[in-house]
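Encoded as structure tokens, the structure appears first; notes follow it.
The values are calculated or read from the model by the stated rules, or taken from the named source; none is laboratory data. Values in this document were obtained by computation on a predicted structure and should not be read as measured data. Counting neighbours? That spans all protein chains shown, and the Cβs are built from the backbone with ideal geometry, glycine included.
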Amino acid sequence: MKKLLFLILLSLSTFALTAQTNLYQHENFDNLTKDHKIIAIVPFKTTVRLRPKKMKALKEGDLEKIERAEGIGLQSAMHSWFLKRKKRGDLEVNVQDPKRTNAILKKSNITYDNIQDQLPEDLAKLLGVDAVISGDFETDKPMSDGASLALGVVFGFLGSTNSAVINMSIHNGIDAELLWNYNKKVRGSLGSDSDDLVNTLMRKASRRLGYTD
């Protein structure tokens, strides 16, 4: 019994990473960003591909609520990840609080549903930042607490094997130049929340992100 419990705990704390990783950084990243002071993260566009059995438990519109909560949860987790590195002295720029970012977007009628229709340079000007982080995220298991709270339901996904694909970009605020792009697929037990997921996805990528030391 103890051996079985150990194996279960081990499976929950380890990650199986596929070799599918694409990482791009502009060759002049340092020069293009030398005057950057602050960046913003906008909600990630999220697709949650639940199994048919889980889908049957949802009402019309529930999946969209989950995806919206997941996208905002990932934005918040990414912000927390950057803040930890800022506190350690590993980050050379400031990161705008997502609450401020989302409030400004809301005032301009930019929502989770239409944010991908906006140009990076327009978003940067509106938010008053030097660069914008945005992205797409696809998973078959909701990761954020907000996704469950949005419905008042706990699906019991903790520790289940699943896959996630993230495509994350940083665009220069002045001219929308693509500064950095990270596309990665992760497969395995991704932990219990968005923070676990972001830590897994960003662990290696951060070594090649010009903003970080």
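For segment 98-128, filtered to residues that are farther than 18 Å from Ser80 by Cβ and β-branched (Val, Ile, Thr), the residue that is surrounded by the most Cβ atoms within 10 Å (Cβ to Cβ) is Ile110.
Yes/no per residue for (1) closer than 29 Å to Lys34 by Cα; (2) touching a helix residue (DSSP H, G or I) at 6+ places or on another chain (Cβ under 7 Å):
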position	(1), (2)
Lys56	no, no
Glu70	no, yes
Ala77	yes, yes
Trp81	yes, yes
Gly89	yes, no
Asn114	no, no
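Taking residues in segment 167-188 that are without any contact (Cβ under 8 Å) to a residue 60 or more places away in the chain, and partners anywhere that are of a type in the set (D, E, K, R) and assigned to a strand (DSSP E or B), the pairs with Cβ atoms closer than 8 Å and at least 6 places apart or on different chains are Asn167/Asp136.
For segment 184-195, the criterion of being surrounded by fewer than 19 Cβ atoms within 10 Å (Cβ to Cβ), modelled with pLDDT under 75, in a loop (DSSP other than H, G, I, E, B) and among the acidic types (Asp, Glu) is satisfied by at least one residue. Looking across segment 80-95 at every residue that is surrounded by 20 or more Cβ atoms within 10 Å (Cβ to Cβ) and not aromatic (Phe, Trp, Tyr), the one that is modelled with the lowest pLDDT is identified as Leu91. Can you pull out the residues in segment 94-108 that are more than 14 Å from Phe44 (Cα to Cα), aliphatic (A, V, I, L, M) and part of a helix (DSSP H, G or I)? Result: Ala103, Ile104. Close Cβ contacts (under 7 Å, 6 or more residues apart or on different chains) running from residues in segment 90-103 that are over 11 Å from Asp130 (Cα atoms) to residues that are among the aromatic types (Phe, Trp, Tyr) and surrounded by 14 or more Cβ atoms within 10 Å (Cβ to Cβ) comprise Leu91/Phe82; Leu91/Tyr211; Glu92/Tyr211. Filtering segment 157-183 to residues that are modelled with pLDDT of 65 or more, among the small types (Gly, Ala, Ser) and either assigned to a strand (DSSP E or B) or over 16 Å from Phe29 (Cα atoms) (or both) leaves Ser163, Ala164, Ser169. So, Thr47, is that one surrounded by fewer than 18 Cβ atoms within 10 Å (Cβ to Cβ), in a strand (DSSP E or B), of a type in the set (S, T, N, Q) and at pLDDT below 85 or not? Answer is no for this residue.
Do the conditions hold for Leu63, that is, is it without any contact (Cβ under 8 Å) to a residue 40 or more places away in the chain, of a type outside the set (Val, Ile, Thr) and farther than 20 Å from Thr200 by Cβ? Yes.
Scanning segment 109-155 for residues that are modelled with pLDDT under 95 and part of a helix (DSSP H, G or I) gives Ile115, Gln116, Asp117, Asp145, Gly146, Ala147, Ser148, Leu149.
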